[in-house]
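In what follows, a structure is listed as structure tokens, so that the remarks can point back to it.
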């Protein structure tokens with residue numbers, strides 16, 4: 001029996017984890033915690049900032065990128081296995 005990923009479930013789960021992580025990072029950044037990580041996220045994500053709109057757009061961007069990457073990974077894994 002081969003193991004197959006549920007591609008949509010993998011993508012949605014990764015998307016949710018990325019969005020929640022970005023929210024937590026935005027909250028911590030506004031509290032002055034983990035400013036090094038906040039600076040890295042500003043460099044890597046074009047829509048992320050410490051404003052409420054910037055946090056929401058960063059969450060959306062991280063969620064979309066994660067969904068695409070992990071769904072593609074799951075699809076490739078299913079084709080190979």
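None of the figures in this text is laboratory data; all of them are computed from the coordinates on show. Because the structure is predicted, anything quoted here is derived from the model rather than measured.
The figures follow:
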quantity: Relative contact order of the chain, defined on C-alpha pairs under 8 angstrom at six or more residues apart (%); calculated: 49 percent
quantity: In degrees, nearest ten, helix 52-80 long axis to first principal axis of the chain (Cα); calculated: 20 degrees
quantity: P(r), alpha carbons of the chain - 10 Å bins starting at zero, rounded %; calculated: 21, 40, 22, 13, 3, 0
